[in-house]
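Down below is the structure, laid out as structure tokens.
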Amino acid sequence: MIEHFKTLFIGMLTGIWAYLNPVGGDIKSLIAVFVLNFLFGLFAGLLANNESFNLRKAFRCVIEAAAFFLLICAVYFAGDHKGNPGGALQCVSFITYSVFYFYGVNILRNMKQVLSPTGAAYKVVAFLYYVLSVEFIKNIPYLSNYQTKQNETN
């Protein structure tokens, strides 16, 4: 009986993965970003801030990742069923690049905390962090307005 459920589960999972194949690259790249975010957040907490492992923070990271995966799947599903898979892929791509930006800045911030300020790697990471968090904003429509409003409310 369990073997039948296992076969059914694998068949359903394979069908879902085949349906989501057009956004498979986005899903794989988001997995990489979320793993890096988790690892560098963990390293920053353990090494730079002398914190112990926090299961709640780890679980929150997993929940955030799951929420973005669900959002991407839902956007693709909705666009595909509206007869506009190309538009759905554009929306998924926009969400993916937005996640890359915000989580990328966070990864770089955590990397800065872990690295020695005298090393070359720190200088490279600090430069990339500066470019992404300050200069990059100037060239993206709406992002500078968003950042300004976020700073006002915080």
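The values are calculated or read from the model by the stated rules, or taken from the named source; none is laboratory data. Everything quoted here is computed from the prediction, not taken from an experiment. Cβ coordinates were reconstructed from backbone atoms using ideal geometry, including for glycine residues, and neighbour counts include every protein chain displayed. Only protein heavy atoms, including side chains, enter the accessible area calculation; ligands, DNA and RNA are left aside. Shrake-Rupley method; radii C 1.70, N 1.55, O 1.52, S 1.80 Å.
Tabulated data
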item: Selected residue (only one of 39, 46 is free of Cβ contacts under 8 Å to residues at least 12 places away in the same chain, among the aliphatic types (A, V, I, L, M), more than 28 Å from residue 87 (Cβ to Cβ) and in contact with a Ser or Thr (Cβ under 8 Å, 6 or more places away or on another chain)); result: 46
item: Some residue of region 45-64 being modelled with pLDDT of 95 or more and hydroxyl-bearing (Ser, Thr, Tyr); result: no
item: Region 106-125, residues that are surrounded by fewer than 16 Cβ atoms within 10 Å (Cβ to Cβ) and β-branched (Val, Ile, Thr); result: 118, 124
item: Conditions (1) within 30 Å of residue 122 (Cβ to Cβ); (2) open to solvent by less than 90 Å² (accessible area, probe 1.4 Å): number failed by residue 74; result: (1)
item: Test: residue in region 13-33 that is touching a residue at least 40 places away in the same chain (Cβ under 8 Å) and over 22 Å from residue 77 (Cα atoms); result: yes
item: Residue in region 135-154 that is modelled with pLDDT of 85 or more and either surrounded by 14 or more Cβ atoms within 10 Å (Cβ to Cβ) or in a helix (DSSP H, G or I) (or both) present; result: no
item: Residue satisfying all of: in region 25-71; acidic (Asp, Glu) and assigned to a helix (DSSP H, G or I); least open to solvent (accessible area, probe 1.4 Å) among these; result: 26
item: Cross-chain or 6+ apart pairs with Cβ under 9 Å, region 78-92 first and over 16 Å from residue 19 (Cβ atoms) and open to solvent by less than 40 Å² (accessible area, probe 1.4 Å), then part of a helix (DSSP H, G or I) and of a type outside the set (Val, Ile, Thr); result: 87/79
item: Unique residue being among the hydrophobic types (A, V, I, L, M, F, W, C) and in contact with a Cys (Cβ under 6 Å, 6 or more places away or on another chain) when the list is 105, 23, 75, 35; result: 75
item: Criterion: among the polar types (S, T, N, Q) and in contact with a Phe, Trp or Tyr (Cβ under 8 Å, 6 or more places away or on another chain) - qualifying residue of 116, 93; result: 116
